[in-house]
Amino acid sequence: MKFNKSMLFERLSSVRRSFSTNKVLKAITGKKARKGARVTYGVVWNLILLFFIIALLGLGFAGGAGAGYFASLVKDEPIRSYDSLKKDIYNYEENTDVYFANGVYLGQLRSDLQREEVALEDVSKHLINAVIATEDQYFYEHDGVVPKSILRAILQDVTNSPVQSGGSTLTQQLIKNQILSSQVSFDRKAKEILIALRLEKFFDKNEILEAYLNVIPYGRNSSGRNIAGVQTAAQGIFGVNAKDLTLPQAAYIAGLPQNPYVFTPFSNKGGQVKENLEPGLTRMKTVLNRMLSAGFINEKEYEEALAYDVRANLVPPKSEPTEKYPWLTAEVEKRAADILMIKIAKDDGYEEKDLQENEELRSYYKEIADKNLRQNGYKIYTTIDKEILDAMQNVAKNYEYYGPDKTEVKKDLETGEDVKVVEPEEVGSVLIENKTGRIISFVGGRDFEREQTNHALSAIRPNGSTMKPLLDYAPAMEYGTLQPGSVLADVVFEYNGWKPKNVGGESDFDGLMSARHALKWSKNIPAAKTYINNLDKRPITFLEKMGFTSLDEADYSAVSLSIGGMTYGVSVEENVNAYATFANEGKFVDAYMIEKIITKDGEVVYEHEVTPVDVFSPQTAYLTIDMMREVVNGGTGASLNDYLKFDADWAGKTGTSQNWEDIWFVATNPNVTFGTWIGYDTPKRVIDYKGLSYTRRNILLWSQQLNAAYDIRPELVKPNENFKMPGGIVTRSYCGLSGLLPSELCSEAGLVETDIFNAKHVPKEKDDNLVKGKYIAVDGKAYRVPASAPQEFVQEGIMIKKEFLEKHDLKDTKAIEQLLPNNNRWKNLVITETEELKDNGSVPTQVTGASISSGVLKWAKHEHNDVIGYRIYAAANFTSEFKRIASVPSTRNLQHDVGNAVAAYYITAVDVAGKETPLTSSVLLKNGDYQANPIEIVPPPTDEEDGGGDGDNGDDDDNGDGNGNGNGNINGIGRGRGN
């Protein structure tokens, strides 16, 4: 409003005229007095007029300055569009929900603030009225701000008034929470007013109110978690939905936002109910008073609400669903964050490899993903079967055969002092569906409160002999350098200073065996040889294809990797996942836990896609499966059959790391693959316990968990079919000595074996490592035949050619004994000692222990170590004409069948030089009726009387001709005797 001079003086004149000068003058007597009064009056009036003019001018100036100041405060505030405002006010920090398989609800991922959105139509009318009456009674009348309230708030702020009646409407409070900060400043207040006026032009009152009710903090719930939004408050405080809140409950909740952590009934110590609820109850009474004053309730409702027992109706403390599954929720959170990180980065134009190579970039997108995961209210659907998970966890918790607790001395991170920590034997297990890669269930450990390490999905440990099918045998079969029937030598072995041993130690060698047999009994040396034989082809790349992510650079050159000697190790999940490759006909299907992630509006953010990776041919996969069947059917994993309650086509492998620190068992059938690990967090030796070996204890735990899964979903873990043999697999016979096609001598020696082969890699050459040769034997050992040895004790047998022995670096008898251990399989093969049998220089003494019983003549082994055989002499009817009737080599049973003949007998010993026990020193044995006539000893015929002259020296093939003595060189070991 503008003021001109005429208007101003007209107003002043009227004011002046309103004063009656005469009335004043009447009280004054005298002319002089009247004159002085007129002067005083004039001065005073002029001063009043001056001050009034100055005040009016100041008011105009102040208004202009105030408007200018307000404009300066909001000059940087953008003009917000409808879409911008909508995005901001509806951007609730909602919690992410997690679901088991088949949509079974698990719970919410933990976050700093728990919130659940609710529509206004699903909120109790009592609560709406309570909020309006308490926070903004003119909500449906104003345009976003109430000037009177703002002026009052400013006045209170300027005067430091202790009573704060508040100057913000619900619209302003919504803006403060969703768009601006809670900073107390004129700058923020000015922007708040401006945005409130604009917001009210775009949104109706109910939209603003609904957003407000979903945003405002309400203290804590009964679990001690921070909560926001009326639905979360209703559930977390009284255990009801927002639409079901009663009047007193609504009044209590509506009063919380003024000071949520003072008025909340729950403490931050696990959600315990506070001893003193008076502040919150007083605030509740204030809310009810305002509702009464506003006409929302009547006097009776007011009184009834005041009588409500809030403490008695608080929801009792309850554990969060996620607290029951800590390992699972932690893993879901980690995997979901990684998925979102990659997606957000790809949306910005990056590739996954960029995140792997740039740690700073990865950290940036990981932070964004973590924030989105906790605030955007996603729904995450997992592959985990709740019932199977519960059952397996229960087995692990109550298992009776864990090894003993062990004490470990560790450094206290705070004090630096040594402290004793008791470590129990831990467990990790994973169940995977083969064709999809779905992780059905897992056990992360025995007690999350004690140790949060996920022993199934995160912890990495050396996998011991479970490495052999993955790295040694399957790759070798893929290369065509080995088949199940390939023969390997389990003997003392060294490679570049590395001397692997079998589980039995220095003396545990089983000689020649097939690859199938070596895997069945988990022999280390054949596995190491197989790996080394293919080392130049880099078989470790197969592990990379099968998802091993913890391989160290040193592992690529370490031959100990062949038997599971890893620098760091592998997780149970990755190890089990790799075994599923064999069940999938050689295709690796990456295991996964997150099925899909969707927004609160139903938009699919992520959905898993199965992408098989070719690793092995179907033939290699099946051959490996068939070899591992032997492990569970009669090998190191055979105890499975004692414990598992159902039958299936299982193929698996046991494993033990160095020093018995990690015990593994992984097995697969056509549907699922399941594996378990037991050990200590700080690696220590796992021992036999409670009458069970460490391997049996682990397989029993494996079986009990799988039995529990079978009780719930038998169709999942017990397939109706066996593994199907692909085309290209054939059955062939081979020689057990070499793995080549069997020769006639191999058949004669009883060494023919049969196995299945990849048709591309069947043996094509015939074995040529055997030859027939001559030998003499003493004490179970065979020797080359010296010229002095009597022909009658020379034996013929099937021998191994020296070239074969040299190939396996077998230069002495001890080494040969390793190659052909003393078992029935090799009973028809002869190995001669490298040194000749030497004559001790003495004539053999009397043969002892001689007797005749039931027509069988028996005697004891001679005490001299150069005796190569025994001669038996007989005189019929007890005459004196003794004749030699038999010669028995020392390797045979020391007995001779004489029947019921009436005769007298002598037994003599003959040594390698041909010297014989004199008859006069021998014991006379009698069989049948004895004649009293004395027997005169007549020397038996000599060799010359018995046969012709010297034979020719035998050549390499026929070993001599004739009945005399001839020296023939055998194409084997030692020298043979001519015939």
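Selection of first residues in the range 514-538 that are hydroxyl-bearing (S, T, Y) and of second residues that are surrounded by fewer than 24 Cβ atoms within 10 Å (Cβ to Cβ) and modelled with pLDDT under 95, restricted to Cβ pairs under 6 Å at least 6 apart or on distinct chains, gives an empty result. Scanning the range 482-500 for residues that are in a loop (DSSP other than H, G, I, E, B) and at pLDDT 90 or above turns up L482, Q483, P484, G485, S486, E494, N496, G497, K499, P500. When K774 is tested against (1) touching a Ser or Thr at 6+ places or on another chain (Cβ under 8 Å); (2) at pLDDT 85 or above; (3) over 30 Å from A476 (Cα atoms), exactly one condition is not met: (1). Screening Y252 on (1) crowded, with 22+ Cβ neighbours inside 10 Å; (2) at positive phi shows it passes everything except condition (2). Within the range 379-392, is even one residue crowded, with 19+ Cβ neighbours inside 10 Å, touching a helix residue (DSSP H, G or I) at 6+ places or on another chain (Cβ under 9 Å) and charged (D, E, K, R)? Looking through the range 379-392, at least one residue is crowded, with 19+ Cβ neighbours inside 10 Å, touching a helix residue (DSSP H, G or I) at 6+ places or on another chain (Cβ under 9 Å) and charged (D, E, K, R). Exactly one residue among A345, A336 is at pLDDT 90 or above, under 20 Å from R438 (Cβ atoms) and buried (at least 16 other Cβ atoms within 10 Å of the Cβ), and that residue is A336.
For the range 597-614, the criterion of a residue being of a type outside the set (D, E), surrounded by 24 or more Cβ atoms within 10 Å (Cβ to Cβ) and part of a loop (DSSP other than H, G, I, E, B) is satisfied by no position. For the range 495-512, filtered to residues that are surrounded by fewer than 23 Cβ atoms within 10 Å (Cβ to Cβ) and of a type in the set (A, V, I, L, M, F, W, C), the residue that is nearest to S465 (Cα to Cα) is V503.
Among residues of the range 884-905 that are over 23 Å from P918 (Cβ atoms) and in the same structural domain as K858 (by TED's automatic domain parsing), those with a beta-carbon under 7 Å from a residue that is of a type in the set (D, E) and surrounded by fewer than 20 Cβ atoms within 10 Å (Cβ to Cβ) at least six positions away or on a different chain give the pairs V902/D929.
Please work out if I800 is in the same structural domain as G675 (by TED's automatic domain parsing) and more than 22 Å from M627 (Cβ to Cβ). The answer is no for I800.
As for the range 523-540, it holds no residue that is surrounded by fewer than 20 Cβ atoms within 10 Å (Cβ to Cβ), farther than 28 Å from K760 by Cα and of a type outside the set (V, I, T). In summary, K334 fulfils each of the numbered conditions (1) in a helix (DSSP H, G or I); (2) touching a residue at least 60 places away in the same chain (Cβ under 8 Å) with the single exception of condition (2).
The set of residues in the range 804-817 that are modelled with pLDDT under 85 and either farther than 21 Å from T891 by Cα or not in a helix (DSSP H, G or I) (or both) comprises L805, E806, K807, H808, D809, L810, K811, D812, A815. Given the conditions (1) more than 48 Å from the chain's Cα centre (by Cα); (2) surrounded by fewer than 17 Cβ atoms within 10 Å (Cβ to Cβ), report the number of the one that S267 does not fulfil. It is condition (1) that S267 fails.
Listed by position, the helices (runs of 4 or more DSSP H) inside the range 111-184 whose residues that are modelled with pLDDT of 80 or more and either farther than 19 Å from A294 by Cβ or within 51 Å of the chain's Cα centre (by Cα) (or both) number at least 1 are 125-135, 170-178. Could we say that A789 is in a loop (DSSP other than H, G, I, E, B) and surrounded by 15 or more Cβ atoms within 10 Å (Cβ to Cβ) here? Answer is yes for this residue. Reported count of residues in the range 511-565, each being outside any helix (DSSP H, G or I) and in contact with a Gly (Cβ under 9 Å, 6 or more places away or on another chain), is 9.
Per-residue answers, yes or no, for (1) closer than 18 Å to I594 by Cα; (2) in a helix (DSSP H, G or I); (3) not aromatic (F, W, Y):
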| residue | (1), (2), (3) |
| --- | --- |
| I388 | yes, yes, yes |
| A391 | no, yes, yes |
| K397 | no, yes, yes |
| P404 | no, no, yes |
| T415 | no, no, yes |
| V419 | no, no, yes |
| V422 | no, no, yes |
| K435 | yes, no, yes |
| S441 | yes, no, yes |
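For Q846, the conditions (1) assigned to a helix (DSSP H, G or I); (2) within 16 Å of E916 (Cβ to Cβ) are fulfilled apart from (1).
Of everything in the range 724-760, what is part of a strand (DSSP E or B) and closer than 15 Å to I800 by Cβ? Give them in sequence order.
Let us first name the residues in the range 724-760 that are part of a strand (DSSP E or B), namely 729-735, 741, 752-758.
Answer for the range 724-760, where residues must be part of a strand (DSSP E or B) and closer than 15 Å to I800 by Cβ: just C735.
The values are calculated or read from the model by the stated rules, or taken from the named source; none is laboratory data. Remember, it's a predicted structure, so these values are computed and weren't measured experimentally. Counting neighbours? That spans all protein chains shown, and the Cβs are built from the backbone with ideal geometry, glycine included.
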